[in-house]
Amino acid sequence: MAETQEPQQHEFVVPQEAAGQRLDHFVASQMEGVSRSRVQLLLEQGDVLVNGAREKASLKLRGGERIVITGEPHPAPLKAVPEAIPLDVVYEDKDMAVINKPAGMMVHAGAGQTEDERSKGTLVNALLHRFQKLSSTAGELRPGIVHRLDKETSGLIVIAKNDKAHLALGEMFSSRRIHKTYITLVQGEVERQRGTITAAVSRDPLRRTRMTTRPNENARSAVSHYEVLRRLTTRFGKFTLLRVRIETGRTHQIRVHMASLGHPVVGDTLYGSAGQLTDQSAAASRRKPGPERLRLGRNFLHAARLELTHPVTGKPLELEAPLPQELEEFLARLESSAAAGTTR
């Protein structure tokens with residue numbers, strides 16, 4: 001009879017700088033790929049002990065507590081299933097496809113409390129319904145997925161239909177032979193017309209959902225080249241529209257790089273951007289019931305262009321996806337609020 005394997009026990013001590021955080025927030029921040037809802041479920045089941053005792057998710061930490069997780073923090077692995085979700089297919093042949101992914105769609109299933117929450121509505125679900133057969137190189141949960149885009153980032157993503165194409169595309173990405181260009185709107189006026197950011201990127205040790213450019217032994221090289229397309233001075237503040245070409249594809253690379261310059265991507269509250277923009281003009285302060293506010297509801301970041309060589313035929317491919325309507329409309333509203341002569 002096979003021996004039953006016990007769940008691995010996880011232990012850590014709360015650092016003093018985490019004092020004041022909620023227990024569920026802190027535990028989720030320390031465990032990559034584990035959602036707060038999953039942590040709350042473990043707490044309800046008594047699988048998280050603080051100094052040997054069960055505690056509520058809302059417990060405010062003081063620092064120095066010993067936390068032990070006795071249950072399995074990661075839910076059982078899922079197998080992706082087809083789902084009838086419309087796709088914007090920019091390019092397709094027998095080996096690969098390129099999809100224009102909308103903001104709000106996850107590329108593949110992640111950690112969550114229930115199977116339905118984790119396994120539905122993703123790009124993979126839509127791909128399996130549209131193409132049926134995809135490469136198996138990345139596993140059952142991520143068929144066809146060669147690279148990723150953040151959930152709230154829209155734009156072009158490459159899909160492999162077979163393992164031969166997947167392996168070739170993966171090698172092209174790792175050797176930086178696929179060129180990716182993004183359009184982003186950032187807060188503030190970027191001083192230089194063009195520049196290169198070379199700050200290495202790593203997981204933030206205190207907030208595991210974020211990345212950081214602070215020096216860290218686990219940091220990986222990251223290179224982003226930016227060029228100013230337009231500067232806007234508006235009633236809602238100053239903004240800069242940028243074209244960004246990345247040499248590397250680190251998690252949140254453009255978002256964390258721009259935030260490191262003090263210019264977070266508009267709508268990106270994880271890296272310090274405002275959740276909504278407020279009319280700062282003198283007229284707004286006299287207006288009733290209050291100043292006009294703009295809210296985007298996503299990050300102003302779009303993967304607009306891909307340049308690559310076909311992984312099987314060797315044919316050069318240059319593919320583009322225009323800004324989504326919600327970004328065009330948001331930009332138009334900002335430009336309409338600009339003072340005369342201040343958009344350039």
Could you tell me whether segment 153-174 includes any residue that is touching a Pro at 6+ places or on another chain (Cβ under 6 Å) and within 19 Å of residue 268 (Cβ to Cβ)?
-> yes
Within segment 270-287, does at least one residue satisfy the condition of being in contact with a strand residue (DSSP E or B) (Cβ under 7 Å, 6 or more places away or on another chain), part of a loop (DSSP other than H, G, I, E, B) and within 18 Å of residue 151 (Cβ to Cβ)?
yes
Restricting attention to segment 147-173, the residues that are assigned to a strand (DSSP E or B) and out of contact with any His (no Cβ under 8 Å at 6 or more places or on another chain) number exactly 2
Condition set more than 18 Å from residue 259 (Cβ to Cβ) and among the acidic types (Asp, Glu), scope segment 202-246, selection modelled with the highest pLDDT: answer is 227
Of all strands (runs of 3 or more DSSP E) fully inside segment 12-92, the set with 3 or more residues that are farther than 30 Å from residue 127 by Cβ is 48-50, 66-69
Subset of segment 153-168, residues crowded, with 18+ Cβ neighbours inside 10 Å and of a type in the set (D, E, K, R), comes to 161
Taking residue 178, is it within 15 Å of the chain's Cα centre (by Cα), modelled with pLDDT of 95 or more, closer than 30 Å to residue 330 by Cβ and surrounded by 19 or more Cβ atoms within 10 Å (Cβ to Cβ)? no
Of the residues in segment 298-332, those that are under 14 Å from residue 266 (Cα atoms) and either in a loop (DSSP other than H, G, I, E, B) or among the basic types (Lys, Arg) (or both) number 3
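The values are calculated or read from the model by the stated rules, or taken from the named source; none is laboratory data. Model, not experiment: these values are computed from the prediction. Cβ atoms come from the backbone with ideal geometry, glycine included; neighbour counts cover every protein chain shown.
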